[in-house]
Every structure is written in structure tokens, then in C-alpha cells.
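One structure below.
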2 protein chains.
Amino acid sequence: MPRRPTKPPPGPRDEKGVLSARILGAAREEFAQHGWAGTTIRAVARGADVDPALVYHYFGSKEALLDAATTPPQRWLESVAATWATPVERLGEALLRLMLGAWADDEIGPVLRAVLLTAAHDETTREKLRRVVEGSLIGASHVGTDGTDRVKRSGLISSQIMGLAMMRFVWKVEPVASMTDDELVAAIAPNLQRYIDGDLG
Amino acid sequence: MPRRPTKPPPGPRDEKGVLSARILGAAREEFAQHGWAGTTIRAVARGADVDPALVYHYFGSKEALLDAATTPPQRWLESVAATWATPVERLGEALLRLMLGAWADDEIGPVLRAVLLTAAHDETTREKLRRVVEGSLIGASHVGTDGTDRVKRSGLISSQIMGLAMMRFVWKVEPVASMTDDELVAAIAPNLQRYIDGDLG
């Protein structure tokens, strides 16, 4: 890795992308570890190895920085939408593979991780998680027979997907952390499929 | 609620129970919100409305305080053991009802909540969560055909149970947060039952 300057000034367009990505990476770490109240722009700037003024210059405020750090990229929202369009009889596996792929993705994984960890700290950041879950898993879904049935099924799907994400990627509890994607799909996809189109009693 | 003295001295045996419960309650809040590194004995004492010296007097150290605040009561471990003794064909429902009851319990609920939230912050407290999950859900289980199959099935059971706990009790995502226990049992117990004795591919 090339040596990075201690306090790079705002630079040309290309450099802006690199620096803002570095600031967002540091912000995700800080928010995840110290929560909304415990995170300062100064600490984020230190983590990103830039001047605090640059953080303000690029993001404007701590609120806007949290928002940028915990908003999944457009690419993710597009794959979520595409996945929900999978034929219903294969949707359980498709959703599970989407989630496993997203966590392994260099760009999306850290955002999901930051959303889940930051949500532990306080009500403000928990609201953000609710919006991500509702946007990706509940709001986008079109399973079920009517509106009530749809959100209930989507909530149950979310409970299994989010639990797997916590066990595998955040808490790293064995053996779930080390099972292969294919083992997880064989074990879990049929359960998701039941939430999608099975009889829920 | 009766007015509490600002700095109660160490008192007789009965008072000790009341004060240490108050300290543990405050410690759970602090650890959950600020993590291991961000929590001070002074802040816990302030939250409990006692002198910091009393916290040291009762618990000895910050390590011991974290341990006491996040160790489920013996009563919980006994109900876990009793639940795992349920006939295997009814175990899915029994485990789910155990978990729903535990979160609703005045004494056990706050401990589980503290374990899950504190685990968001750092590796040390995550280790504690792994031990609680392994102790209550993986280690205590005797499903499956051999050791490997047992821990895999128990890990999958945990992924569903922990995901439901996060969605319903920690993040409070709707509609999962407001569904009745009976609705959840009808929807989720059969999925747990498949992890217990179904074909996992």
C-alpha cells in the first residue's frame, strides 16, 4: 500500500473519491464501535488520516456522515429488487444467496455490518436499521396473499436472514461462521421458502 | 417509587441485594450503550445512584461487574436444561416458548438484552455472547445423529432464535415486534423443528 499523506488537502475529482471512501470506512468503524453519541468527527478524521475540516467539507455534518456511512450503495438496492423478482418457488434460495454475497462484497459488506453494529447503541441508529430492513426485506417483498400476510411473511424471512447474518458475520459463532455457503443454502433455504409460500398456521 | 438516598452506605443483608441489583441494572445499561471500553465504574455508580466505592466493594473490578451483569441467572440455565429434555417432536415449539418467556421475564430479559447489545461493541464482549449461545443453545442440545450434526443443527436453531430476538426485542422491527406469541409459534416452530429433526440436505 502506498504511503498516505498525513493531511491531504481537498484534491481533484479522483482523489475526492479515494478520500471520501477512506472517511466513510473510518466512520463505519467509529459508529459501529462507539455509537452515534460516542463518535466525533475528530475521531473519524484521525481514523481516516485526514483533517477534520475535510470531513466537514465532504459530508457537511455528523448526521450526514452517519447517513452516508450506513446507506447501502444503489447497486445493492438494485440487486435486492432483482432478487425479489425471482420466481416465487426459488425465492428462498435466491434471497439467501443475495445475503451471503452481499456480506462477502467489499463495498456492501462493511455497510451492512455498520448498520447492524451501530443499531446496538441507540434509538436513532436503530431507526436506520429498521429502514434498511424494511426497504430491503419487508417493503420490497411481494409474497403472501394480502398486505398483512405480506409484511408478516417478510418479517419472518428477515428474522432468519438477520439471525444468520449476526451469527455468521458479526458474532462469528461456530459452526455457523465456518459452514460453506452451499451447506447453509441446503439447510436454510427450505425454511425461508416456507415463510414465502408455506402454511404459517 | 420511593425516593432513594443519594449515596447509601453498604447496608444489612437485605439492602445489599437491593443495591447490587440496582448496580447490575445500571451496569447493563452502560455496557449495552457504551461497550466494554466506554463504560466506567463511575458512570455505573452514577446510574445506580450509589458511591463508586460501593460498586468496587460488591463486585471487585470492572471485569467482574461485566461478568455479573451478563451472566444469566441459574434459574435460566435450569429452564434451558429442562427444555432440552422435551420430547424431540415438540422441541421446536418448546425452545421458542422458552425464548419468548425469557425475554418477557423481569430478571432474565434484561440480561439477554445486555448480552446481545454489549456484544456489538468489541471482541471481548462478543466472546461472552458466544459462550451464552453455546451454553444455552448449542452445548446443551442433543439433537442430531453425531457431534458434527448436533452442533450444526444447534447453530441453525440459534440463527433463527437469535434473529427473532433481535427483530422483536432489540431492534423492534414491525410486524415481528407486535405479533402475538401464538402467531410466532405457529409460524416459526415448524422451521425450528426442521432444524431439529428434518433433512438438511
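Go through (1) facing another protein chain (nearest Cβ under 9 Å); (2) closer than 19 Å to A:GLY35 by Cα; (3) not hydrophobic (A, V, I, L, M, F, W, C) and name the single condition B:SER158 misses.
Unmet for B:SER158, out of (1) facing another protein chain (nearest Cβ under 9 Å); (2) closer than 19 Å to A:GLY35 by Cα; (3) not hydrophobic (A, V, I, L, M, F, W, C): (2).
Considering A:ARG90, A:ARG130, which residue is at pLDDT 90 or above and of a type in the set (Lys, Arg)?
A:ARG90
With surrounded by fewer than 24 Cβ atoms within 10 Å (Cβ to Cβ), modelled with pLDDT of 95 or more and closer than 20 Å to B:TYR195 by Cβ as the only criterion, which of A:LEU200, A:LEU164, A:LEU184 stands out?
Only one candidate qualifies: A:LEU184.
Report yes if B:ARG28 is more than 14 Å from chain A (Cβ to nearest Cβ), modelled with pLDDT of 90 or more and in contact with a helix residue (DSSP H, G or I) (Cβ under 7 Å, 6 or more places away or on another chain), otherwise no.
No, not satisfied.
Could you tell me which numbered condition A:VAL111 fails, if it satisfies all but one of (1) more than 14 Å from every other protein chain (Cβ to nearest Cβ); (2) modelled with pLDDT of 90 or more; (3) in contact with a Phe, Trp or Tyr (Cβ under 8 Å, 6 or more places away or on another chain)?
The failed condition is (2).
Just one of the numbered conditions (1) in a helix (DSSP H, G or I); (2) at pLDDT below 85; (3) more than 7 Å from chain B (Cβ to nearest Cβ) is not true of A:ALA140; which one?
(1)
Of these, B:GLY163, B:GLY155, which one is in contact with a Pro (Cβ under 7 Å, 6 or more places away or on another chain) and assigned by TED's automatic domain parsing to the domain that holds B:ALA104?
Result: B:GLY155 is the single residue among B:GLY163, B:GLY155 that is in contact with a Pro (Cβ under 7 Å, 6 or more places away or on another chain) and assigned by TED's automatic domain parsing to the domain that holds B:ALA104.
Go through the residues of the range A:92-108 one by one and say whether even a single one is among the β-branched types (Val, Ile, Thr), surrounded by 15 or more Cβ atoms within 10 Å (Cβ to Cβ) and either more than 9 Å from chain B (Cβ to nearest Cβ) or in a helix (DSSP H, G or I) (or both).
yes
State whether one or more residues within the range B:117-134 are in a helix (DSSP H, G or I), of a type in the set (Gly, Ala, Ser) and either without any contact (Cβ under 8 Å) to a residue 40 or more places away in the chain or assigned by TED's automatic domain parsing to the domain that holds B:ILE188 (or both).
no
Does any residue in the range B:31-42 that is on the phi < 0 side of the Ramachandran plot come within less than 9 Å, Cβ to Cβ, of a residue that is surrounded by fewer than 17 Cβ atoms within 10 Å (Cβ to Cβ) and of a type in the set (Phe, Trp, Tyr) six or more places away or on a different chain, and which pairs are these?
Close Cβ pairs satisfying both conditions: B:ILE41/B:TYR56.
Among the residues of the range B:162-187, how many are more than 7 Å from chain A (Cβ to nearest Cβ) and either touching a Phe, Trp or Tyr at 6+ places or on another chain (Cβ under 6 Å) or touching a residue at least 60 places away in the same chain (Cβ under 8 Å) (or both)?
The number of residues fulfilling the criteria is 6.
The values are calculated or read from the model by the stated rules, or taken from the named source; none is laboratory data. All figures in this text were calculated on a predicted structure; none of them were measured in a lab. When we count neighbours, we look across all protein chains shown, and the Cβ atoms used for this are built from the backbone with ideal geometry, even at glycine.
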